[in-house]
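Following: one structure in structure tokens, then a few remarks.
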Amino acid sequence: MTFQPKPPGVHRRNSGFTLVEVMIVVTIIGLLAALSLPIWTRARQNSRCNAFINDLRTGIEAAQRCAFEEGAWPAEVAAGAQPPSMAPYWSSKYWLNPTPLGGQWDWEAGKPGVVAGLAVTNPAEVTLMQTVDEKYDDGNLSTGKFQNLNGGYVYILE
């Protein structure tokens with residue numbers, strides 16, 4: 001095999017991508033990311049709403065079991081504090097940690113319009129409470145079991 005020099009004026013093309021090719025690929029990736037971001041955001045919001053609803057159901061069932069076995073609804077406590085009589089029925093981790101939509105769980109008892117209810121105070125995702133109501137109740141935060149009362153959102157048990 002012999003080496004044959006290139007004639008003068010002929011340049012060897014280096015392998016690689018041109019700037020235009022790289023810019024086209026970057027543009028396509030940016031468009032795909034821009035299209036998928038709203039879908040990802042909706043999926044994340046749905047997931048958080050569903051987690052909140054599942055925790056709400058668990059808390060409602062725990063309160064109902066407590067009332068059935070103890071003969072009365074738990075007494076009123078401050079937001080984020082677990083009613084002592086509910087300790088065997090619902091883990092304290094729910095009361096100590098924020099809800100999936102932010103804010104704290106709160107047991108409401110003996111307040112105007114609520115004999116007994118499970119509430120969330122100061123949720124970070126106020127706009128998603130309407131979605132929770134649409135999925136779990138009647139879709140109207142002014143009526144039904146899940147309502148906006150006293151600056152919080154309460155599921156009224158009685």
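The values are calculated or read from the model by the stated rules, or taken from the named source; none is laboratory data. Since the model is a prediction, treat every value here as computed from it, not as a measurement. In this analysis, Cβ positions are derived from the backbone assuming ideal geometry, glycine residues included, and neighbour counts consider all displayed protein chains.
Every condition in (1) assigned to a helix (DSSP H, G or I); (2) exposed (fewer than 11 other Cβ atoms within 10 Å of the Cβ); (3) touching a residue at least 12 places away in the same chain (Cβ under 8 Å) is met by Ala62 except one, and the failing one is (2).
Matching residues to (1) of a type outside the set (A, V, I, L, M); (2) under 17 Å from Asn50 (Cα atoms); (3) under 18 Å from the mean Cα position of the chain (by Cα):
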residue: Trp95; (1), (2), (3): yes, no, yes
residue: Val114; (1), (2), (3): no, no, no
residue: Tyr136; (1), (2), (3): yes, yes, yes
residue: Asn140; (1), (2), (3): yes, no, no
residue: Leu157; (1), (2), (3): no, no, no
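Contact map, the range 138-158: residues that are over 22 Å from Ala124 (Cβ atoms) and of a type in the set (Gly, Ala, Ser) paired with residues that are part of a loop (DSSP other than H, G, I, E, B) and modelled with pLDDT of 90 or more, Cβ distance under 9 Å, separation 6+ or inter-chain. Pairs shown: Gly144/Asp137; Gly144/Asp138. Residues in the range 11-19: is at least one surrounded by fewer than 11 Cβ atoms within 10 Å (Cβ to Cβ) and at pLDDT 90 or above? The answer is yes, given that some residue of the range 11-19 is surrounded by fewer than 11 Cβ atoms within 10 Å (Cβ to Cβ) and at pLDDT 90 or above. Only residues that are touching a residue at least 40 places away in the same chain (Cβ under 8 Å) and more than 20 Å from Ser47 (Cα to Cα) were counted across the range 100-118, and they come to 9. Mind checking whether some residue in the range 138-156 is in a strand (DSSP E or B), on the phi < 0 side of the Ramachandran plot and among the small types (Gly, Ala, Ser)? Scanning the range 138-156 turns up at least one residue that is in a strand (DSSP E or B), on the phi < 0 side of the Ramachandran plot and among the small types (Gly, Ala, Ser). Contact annotation: residue pairs with Cβ atoms under 7 Å, 6 or more positions apart or on different chains, pairing a residue in the range 34-59 that is within 19 Å of Gly103 (Cβ to Cβ) and polar (S, T, N, Q) with a partner that is modelled with pLDDT under 95 and outside any helix (DSSP H, G or I), are Thr58/Trp90. Considering only residues in the range 83-131 that are β-branched (Val, Ile, Thr) and farther than 25 Å from Ala67 by Cα, the one that is surrounded by the most Cβ atoms within 10 Å (Cβ to Cβ) turns out to be Thr131. The test for being of a type in the set (Asp, Glu) and assigned to a loop (DSSP other than H, G, I, E, B) holds for Glu125. Checking each residue in the range 65-75 for being loosely packed, with under 15 Cβ neighbours inside 10 Å and of a type outside the set (Phe, Trp, Tyr) picks out Arg65, Glu69, Glu70, Gly71, Ala72, Ala75.
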